[in-house]
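One structure follows; several queries about it will come next.
The values are calculated or read from the model by the stated rules, or taken from the named source; none is laboratory data. None of these values were measured; they are calculated from a predicted model. Reconstructed Cβ throughout: ideal geometry from the backbone, glycine too, with neighbour counts over all protein chains shown. What goes into the accessible areas is simple: the full protein's heavy atoms, side chains included, and nothing from ligands, DNA or RNA. Shrake-Rupley method; radii C 1.70, N 1.55, O 1.52, S 1.80 Å.
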Amino acid sequence: LRDAGYRVRVVARRVPPASMRLPGIDYVGGNLAAGLDASHMSGISLVVHCAAETAGGKGDHQRNSIDATRKLVELSSAHGVRRMIHVSSLAVLKTSREMGAALDEETPVDPASLSRGPYVWGKAESEVLARQRAGELGLPLKVIRPGPLVDYAAYQPPGRLGREVGPWFVAIGPKRGPLSVCDVSTAARVIRATLEDFDAAPDLLNMVEAPPPTRQALLTRFLDTRPDLRAVWIPAWCLGVLSMPLKWVQRLVLGAKDPMDVAAAFASERYRTDRAAQMIARAGAPARSRSQA
């Protein structure tokens, strides 16, 4: 956004030290859960809401994801913000297993999201609330749902690909099977492009790389930087067979009341990427200079 000519203000709980700040960015301290004041919104016409709780229990996510979103939407409307982007997550959607088809922007948000953990619940409730409250207040809002984020410039493999165990990387699933991810630079360019042409941008966007890379391609990218590792592949059917015994181990040995479904944790969701491909192509155009805040 800065490189496209926008004047950018970053609100964060802790202002980074001078050595870590980007030039041309206005950093201010604030806590969304406690509520920002008028000075934070002075001169602001566009808001990108990226903040959310990432740890803790239900109460933490209620306060720092859901309540914070409501306060920010209401504050933005009260101070004349003209456009807002709410950054959600693909994790809020029902699964392709439940839907029986690839997921797209028409797939409903999972109403039982709390069963998938407080983070997913907090993101799901935040998205529903943001859309509802913005509609009531007449605040133009777009929702972007990134897939599992990776940084190709400083690459670490996504969790669904597998785990590093000693001198091995244990990869899960079919080598040629697609695994949807979103590079942080792609997400950034799409957010910028959405603000650049807000009216033409979709109201909802499932943001993944289009087409998605294969598991083998993602692993090769990592191993190219880690020649000390050797890869071991475990087929998905093997985890399916082991899933139930592993649940019993979690219950009996670890005392888990809601044991994790290991097979589901490494499963690949299927997405239609038509809309994502269009936005990525649009985001590839050179940024136009902007002077507004």
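Tell me the carbon and sulfur percent of the accessible area for the chain, rounded to whole percent, probe radius 1.4 Å.
It is 55 percent, rounded to a whole number.
Shifting gears a bit: Taking the Cα centre as origin and putting +1 on Lys and Arg beta-carbons and -1 on Asp and Glu beta-carbons, what dipole magnitude results for the range 78-219, to the nearest 20 debye?
Roughly 380 debye, rounded to the nearest 20.
Any idea of Met99's accessible area? Nearest 10 Å², probe 1.4 Å.
Its heavy atoms expose roughly 80 Å² to the probe.
Here is a follow-up. State to the nearest 20 debye the size of the charge dipole of the chain about its Cα centre, where the only charges are +1 on K and R beta carbons and -1 on D and E beta carbons.
That gives the chain a dipole magnitude of about 380 debye.
Please give me the summed charge of the neighbours of Ile172: other residues whose Cβ is under 9 Å from its Cβ, Lys and Arg +1, Asp and Glu -1.
So the environment of Ile172 carries a net charge of +3.
Please give every one of the lysines within straight-line cross-link reach of Lys123, meaning a C-alpha to C-alpha distance under 28 Å, and leave out same-chain neighbours fewer than 8 residues apart.
Within reach: Lys58, Lys71, Lys94, Lys142, Lys247, Lys257.
Further question: Against the longest alpha carbon principal axis of the chain, how many degrees, from 0 to 90 and to the nearest 10, is the axis of helix 184-196 turned?
For 184-196 against the chain, the angle is about 30 degrees.
Select from the range 194-235 those trypsin sites (Lys or Arg not before Pro) which occupy a DSSP coil region and have at most 11 other Cβ atoms within 10 Å, ordered by residue number.
none
Could you give the size of the charge dipole of the range 1-128 about its Cα centre, using +1 on the Cβ of each K and R and -1 on the Cβ of each D and E, expressed in debye and rounded to the nearest 20?
Using only the charged Cβ atoms, the result is roughly 440 debye.
Now for a different question. Would you grab the residues whose amide H sits under 5 Å from the one on Glu269? Only those 5+ places off in sequence or on another chain, please, with H modelled 1.01 Å from N.
The answer is Ser180.
Just want the answer: with Cβ charges of +1 for Lys and Arg and -1 for Asp and Glu, which residue in Pro118, Pro157, Met99 is farthest toward the dipole's positive end in the range 54-169?
Pro118
Quick one: accessible area per residue over the range 132-256, 1.4 Å probe, rounded to a whole number of Å²?
51
Compute the angle between helix 236-252 and the longest alpha-carbon principal axis of the chain, please, reported from 0 to 90 degrees and rounded to the nearest 10.
It works out to around 90 degrees.
Okay, next question. In a GNM of the chain with a 10 Å cut-off on Cα contacts, which of Leu141, Leu161, Leu242 has the highest mean-square fluctuation?
Leu242
If you don't mind, another one. Taking the chain as a Gaussian network, Cα atoms linked when under 10 Å apart, which of Pro23, Pro148, Pro108 shows the biggest mean-square fluctuation?
Pro23
In addition: For the range 123-176, run through the trypsin sites (Lys or Arg not before Pro) and keep only the ones in DSSP coil with at most 11 other Cβ atoms within 10 Å of their Cβ.
When the trypsin sites (Lys or Arg not before Pro) of the range 123-176 are filtered for loop state and at most 11 Cβ neighbours within 10 Å, Arg176 remain.
Once the Cα atoms of helix 118-137 and of the chain are each reduced to a long axis, what angle between those two axes, in degrees from 0 to 90 to the nearest 10, is obtained?
30
Based on the Cα coordinates of the range 34-131, what is the per residue volume of their convex hull in Å³?
94
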